[in-house]
Every structure is written in structure tokens, then in C-alpha cells.
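Undergrad: Next up is a structure, given as C-alpha cells.
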Amino acid sequence: MANSHVNAIVVGAGAGGGVVAKELAVHGLSVVLFERGGWPDYDAHINDELISQRTQVLGSAFGPDHRKHPRVSIQQDGSKRVVTPITGGYGHNAACVGSGTVSYGAMAWRFMPEDFKLKSTYSFVEGSTLDDWPISYEDLEPYYEKAEWEIGVSGDDSQNPFAPPRNKPQPMPPFEYNRAGRIVAEAGSRLGLHPFPIPMLRNSVPYNGRPACIRNRTCVGFACPVDGKNGTHNTVIPTAMATGNCEVRTHCQVAEVMSDTSGRATGIKYFDGEDKGQIQTADLVIVAASATETARLLLNSKSDLFPQGLGNNYDWVGRNLQGHAYTGAVGLYDFEITDFAGPGASFGMCDFNHHHEGIVGGGMLANEFNPLPYLFSGVRPPGARRWGREHKDFQIKNIKRMAVLQGPIQEIPNFEARVTVDPSVRDHWGIPVVAMSGSRHPIDHEHCKWLSSKAEMVLKEAGAIQTWQRVGGRGLSGGQHQAGTARMGNDPQTSVCNRYGQVHGIDNLFVADGSLCVTNGGFNPVLTIMALGYWVSDYITRNWNGTKFKS
Amino acid sequence: MSLNRRSFLKTGVAGFGSIMLMPSCVTRTSSSWQFFTDEEAACVIALCEQIVPEDEHGGGATEAGVIHYIDRQLVAVFDYDQVLYQQGISSLQSSCLDLHGKRFETLDKDTQYTLCTSMEEGNLPGKHWGDLDQGRFFQLLIRHTMQGFYGPPRHGGNKNYMSYRMMGLDFPLVVGRNHYEHLS
């Protein structure tokens, strides 16, 4: 039996798609929210380091299934490698209802006003596609606020002198520092820096009918055993379902967005949980499948009118793949600086986000999430032997004596860091897979060296007996913070979507995830993706007359 | 599980077969292990014990049962590493017989340590290794040993959370609680 026609299809139940499904459903549109994974289940994925979002050596707790979802990684020498979530190099994002918001560290950063105007704040960077966003911080501010209150954020921006202006405080008080947070933050203050508690999408007090955080040692990378961590799976998506207007269709792999001879989207083709090909038609299609999978879906949606894929008339879909080059330093102490109060990261500082000589952008610094035993076996000073007695001595002596200070460098986008599709490699359903190629802009590594030196300085001030830098910024970007592959812009020849996430030239096709981001900030991006979900939805609901857009 | 994976490898890796080693599907004679022969297992046990040795902090990889972790995974998630293990063990044994006239696991610990150092640096006689990168094989052994020693016991290693106990990490994971006494 054919699926009933609906007003809107949302592809991807993550940070962006979950918000869009809720907003459209409460405004009376009938919605089907498609998700390739299932509902997350804490009991099915206990605190197993080897099957988590931090280490996928035995599989990914929240999907995708490594046997069904290969990708291709194209190396600098042009050779191809088939990669899966367990091999690494995959650019892995969780595939379940809620996606990364189920298992994330839950930092709830707003980008700063400069992050939307990087090109005009600094200057053009040679070899980049650096540009300003077509929208400003002021445009997005009310939508940040909505995300903070509907999904739930603990924080207090008044302690951050670099915080962007806001109309309303965050709804819950900030978290206290853990031991490493307190000691390193005090060192930062002594150096004239400005540490403050990281805003978090976790409950510092009971909120929205769910309990407060219990400081679980293994928080980031895992689902919350008491549901004190806030994602779209336990906030907006249940709200959408409660309206009676939204069906969440799980275990469905979307293959293609269909379009008609007038160039409008008509629905999607997908494979259901039994691998059976299905069609769902709709008045509107909103793609929110992550920067890699959104690009893949648009590129795989070819027709006579769109031989290069939807939105790709000027070859911009999949371009400018960004993420975050993590960079920082490690300090060892002669006392137990880690108390393992979860999630570990507790203070941040925005002193290094903007306005430093010779640096375009920058990044925030935060103390790092709690070390996990297996991953910690890979943390050693340069040149140290990684096995034998030396390994074991270090492991046992230092797992509680280490503090890491690091942060996400704002990457400078470039045209050749990109997602394409590889027709010679297919997934379980025969759909051409994501191929990732290119590399970061060389300036990212220079920025990383600078930020790592700052991190090392603070760890030393905090009394470290040994420090070393971990400098990122080389190689292919992407990863969990993937962004930029369907950038928004005013010029259809140099962007994929307009300022409302509407694909240029196709008025009923939208993108609502990190793909829209022209640049990716020096911050964890999830709150910005949620805000973009509200922003795109607001445009749709204000302009939708029931069957089409008001002219 | 492995059937699905193999069918994906066949369809998905056409053209890149040289990059990902194909599962061997070798028929094994009687053995106490799921993948290894008894001789291979003895060698891997000795190698893992070099990587995480027993010392004043407590037991090593042998006591933690790391071999069970690796053996189990080689017929499951790590089936694509089967050939690498077989060839790696065989090449190491040829090197040991050549240099010392004995199999690796029968050599004294200091000699084993020196051999591991050589393997890590790629300095064992090349004639026994063919196309196989001995340093890469050793790095794989390190990763798998660490996973078995520090990963959750339900995968076969880290018996009774012994590595967690050595590091003083509570289990379960909420600060202020220690439930070790409830474990067998």
C-alpha cells in the first residue's frame, strides 16, 4: 500500500532535523521524520568503551552499522580506501533518533558575532573559500534562545566577558567545576584569562520533567543512564509526536529526493527496515542528514533538469567540508588532579576566539572530558614507549594525574575539501556512498600551533611537572563537527542554499543541519545547528499557506 | 555477522582488495581456540605479555585473558585481520628460529623483549616477512592488547576489571560509588 502524502518530509532525526520536525508539527503540518537508525537504548549500550562514540573499534553504539554503511576516503596521493566506523577515517556521526545529541559531551555554545563575519572581520585568506554568512548573530539570537529553553541548557554567560549579547539568561544555573577544572581555571585567572563554567545541554537541576545530571564518569560518548542529558530524542521529537502530526519512521535509508519536470521536489525514495524500496511523497522536503550524508543525498538525486544532483548546478554541493581541528596540550601533575566527576570538561575560556594578531578566528579552550582507559593508552609524551613496563607504569601512575586543555580551532574553508559520491562503492542497499577528499587549509595547522602553546602555558601555571603539546590541523576535515557542504549564501553561483536554508531555485527543498554553516566557529557547533533548525522552520511556517508558499 | 561483512567486502571493495585484506576462511584443525591454533595462541599470549607485562602493579595480559579478546574478535569484527595475524606469527617464528633456534614463546623474557623492540623498529630479518610490514603488525598487536586489557570484561579480556582496579577506577562509573565487591 502506498504511503499517504504528507506536508513535509524531514530526513535525519538529529540536532537540526529533530527541531524542524517539531516546529512544523506544532504548526499543523503533517510530517514524516526519517531516521536511518533506531531509537537509542541505554541498556543496550552500557558503558562499553570499545563500542561507544569515543572508540568504535568493535562497532558504534548508536550506529551506523559498519557492515552496511561503508565510505571511501581518498588519500592525498589519490588512492582510495574503503572505510567504516570501525576502521577510522570515517567522519563518524551517530545514526539514531537524536543522533549525536544522545551521546555528546553536550557543550552548548553560541557562536560569536565575528564567527558569522569572518571574512569582513579579518580579510580574505588565499586558497580559501572564506566568506561571511548571509545571516548575522543578531538574526540567529532569538533562535539560540529558543534552543536553550526548549532543549535545556545550564550556564551563566555573565561570567564570560566575551559572551555575545543575549536577551534572556540560560534556563538552568551553571555546573560547578570538577577538580581539574577548578585548578586549571584558577591558573587561567592568574594569567589574566577569563575562565567560566561551560554552558551545557545537561540538567544542573531537574528540568522538563527529567532529573538532574549525576556526574556519570562516562558521559561523552555514551547515552545518559538517568536521562539528564538533553538531546532532540528526549525533548523536541517527543513533542512533535505528541501533536499527532509527526510520524518518526526509523530504520529507513533514504536514497534519493525526487523532483518533477518543473524542478520542484516531490518526495523521496527510501528503503524501509525490511530493505524494501518505498516512496514517500510530500509538499516539502527538508534534508538534515549531516554535512556528509546531506551532500550525498543531494548528489545522488539526479534528474534531467539536475544532472549533477539537486542544488548542484554550480558544483558547490559537498564543497567546503569543515569540522574542527582539535588542538591543545597535556599536563602531568604530582597529585591526583582528576576526580572523574563527569563529564570531565567543566570550564572554558573564550580569550583566544578572536582578535589576535596574525590569527584568523581562533578557538575556545576547555579542560577535556574524562580519560577512558583504552584511549588513555594512546596518550603519551612524544617519544615514550607505548608498551611494556614503561606503558603500564605510566598508565597506572598518571590516569588521575593528567589534565588536558584543548579546543576546536575555527577551520578556514577550502573548495577542495569535499564530499563526492563514489558509484563504484555501494552501501547495503546499492546506493553510491560518501567519498571524502582534500585536506584542511594549511593555515589551520598554524592556528593550532598558536592555540596549543596557550594551552600549555596555562597547564604549566597550574603546576604541571611535565607538559607537551598536541597540535592538530592537518589532513582531511569532517568528523562529528562536520559542516559547510551546502553553504548558505545570497549568490546562487557560490552557495547551495539561501539565507533560510532553501535550496536555490527549488522553493520546496530545504537543508537544516551543519551543512548550511559558511564557517564553523571556534566552538562545538550543536547549539548553532539547533538554532538553524528553528530559523529554517520559522521561515517555512511563516510563509506556508497549507499547500505551497505564499507568493 | 561475519557473513554480512564478507558480502559487503565482496561487493563494496571491488578494486580495493589489496588495501583491505580478505578473510581467509581457512579450515582449522582441532584447537582450544576459535581462531588460533594452539601454537599460534602460545605465541600471541607471549607477545601480549610483553606488551602489558605482569609487574609490581599486578597481573599482565596473560592473567587478564587478552588472548580470549583477540581470538574472539578475529572470527567476528576483526575477521579482516586474520591473514595478517597468521602471516605475522609465522614470520615472527621463522625469525626466532633463524636467530635463536627456538620459537618465540619458548625464549626467555629478555630475548622476547629485544625481539619485540626489533619488530617495532622493523629490524627483524626481512627475508622472513615478505611484503608484510613487521612494524605495522606490532602496532596492531599493541592496539589489540590494550583493547583486551583495558576494555570491558564482557569482550573476553580485563578479567574481573583487573586493569580498572590497578588504575583505581571505580566500577560502575558514578563518582563516589565502588561496586567491586559485588563482582565475582
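Undergrad: I need A:Cys517, A:Cys350 ordered by Cβ neighbour count within 10 Å, fewest first.
TA: A:Cys350, A:Cys517
Undergrad: Trypsin sites (Lys or Arg not before Pro) within the range A:345-396: which are DSSP loop residues with at most 14 other Cβ atoms inside 10 Å?
TA: Passing sites in the range A:345-396 are A:Arg385.
Undergrad: Hey, could you grab the Kirkwood Rh for the range A:1-155? Inverse mean 1/r over distinct alpha carbon pairs, Å, one decimal.
TA: 18.8 Å
Undergrad: In the protein assembly as shown, what percentage of the DSSP-assigned beta bridges are antiparallel, given to the nearest 5?
TA: Once the DSSP bridges in the protein assembly as shown are tallied, antiparallel ones form about 70 percent.
Undergrad: To the nearest 10 degrees, how steep is helix A:388-398 against the longest Cα principal axis of chain A, on a 0 to 90 scale?
TA: In chain A, helix A:388-398 runs at an angle near 90 degrees to the longest axis.
Undergrad: Could you list B:His57, A:His5 in order of exposure, starting from the residue whose Cβ has the fewest other Cβ atoms within 10 Å?
TA: The fewest-first ordering by Cβ neighbours comes to A:His5, B:His57.
Undergrad: In deg cm²/dmol and to the nearest 500, what is the mean residue ellipticity at 222 nm of chain A if only DSSP H runs of at least 4 residues count, each as -39500 (n - 2.57), divided by the residue total?
TA: -6000 deg cm²/dmol
Undergrad: Fewest first, what order do A:Cys219, A:Cys448 take by the number of other Cβ atoms within 10 Å?
TA: Neighbour counts put them in this order, fewest first: A:Cys448, A:Cys219.
Undergrad: Let me ask another. Counting other Cβ atoms within 10 Å, keep those with at most 16, restrict to DSSP loop, and tell me which GluC sites (Glu not before Pro) in the range A:208-292 are left. Walk me through the intermediate numbers first.
TA: Values: sites: A:Glu247, A:Glu256, A:Glu274; in loops: A:Glu274.
Filter output for the range A:208-292: A:Glu274.
Undergrad: Here's something else I'd like to know. Under 12 Å between alpha carbons, and skipping anything fewer than 8 positions from A:Lys392 in its own chain: which aspartates and glutamates qualify?
TA: B:Glu49, B:Glu54, B:Asp55, B:Glu56
Undergrad: Between the range A:369-431 and the range A:490-551, what is the C-alpha centre distance in whole Å?
TA: Rounded to whole Å, the Cα centres lie 32 Å apart.
Undergrad: Another question, then. Using the Cα centre as the reference, give the magnitude of the dipole from point charges on the C-beta atoms of chain A (Lys, Arg: +1; Asp, Glu: -1; all else neutral), rounded to the nearest 20 debye.
TA: 1040 debye
Undergrad: Let me ask another. For chain A, with the dipole built from +1 on Lys and Arg beta-carbon atoms and -1 on Asp and Glu ones, taken about the Cα centre, which of A:Gly89, A:Ala106, A:Ile412 lies farthest toward the positive end?
TA: A:Gly89
Undergrad: What lysines could a cross-link reach from A:Lys229, if we take a straight Cα to Cα line under 24 Å and drop same-chain neighbours fewer than 8 places away?
TA: Filter leaves A:Lys22, A:Lys146, A:Lys168.
Undergrad: Here is a follow-up. Give the angle, between 0 and 90 degrees and rounded to the nearest 10, that separates the Cα long axis of helix A:15-26 from the longest principal axis of the Cα atoms of chain A.
TA: The angle comes out near 50 degrees.
Undergrad: Follow-up question, since we're still on this one. Of A:Gly328, A:Asn367, A:Val425, which is farthest towards the positive pole of the protein assembly as shown's charge dipole, taken about the Cα centre with +1 and -1 on the beta-carbons of Lys, Arg and Asp, Glu respectively?
TA: A:Val425
Undergrad: What whole number of Å gives the distance from the Cα centroid of the range A:209-243 to the Cα centroid of the range B:56-110?
TA: 43 Å
Undergrad: Mind checking Rg over Rh on the protein assembly as shown, alpha carbons, Kirkwood formula for Rh?
TA: So for the protein assembly as shown, dividing Rg by the Kirkwood Rh gives 0.97.
Undergrad: Averaged over peptide B:107-119, how many Cβ atoms belonging to another chain are found within 10 Å of each residue's Cβ?
TA: Other-chain Cβ atoms within 10 Å of each residue's Cβ, averaged: 1.
Undergrad: Check the straight Cα-Cα distances from A:Lys302 and name the lysines below 17 Å, setting aside those fewer than 8 residues away within the same chain.
TA: Those lysines meeting the cut-off are A:Lys269.
Undergrad: Let me ask something else. Putting +1 on Lys and Arg Cβ atoms and -1 on Asp and Glu Cβ atoms, find which of A:Thr266, A:Val32, A:Gly522 reaches farthest to the positive end of the dipole of chain A.
TA: A:Gly522
Only the coordinates and a few stated rules stand behind these numbers; no lab work does. Since we're looking at a predicted model, the values are computed, not measured. Ideal geometry is used to build each Cβ from the backbone, glycine not excepted, and the neighbour counts take in all protein chains shown.
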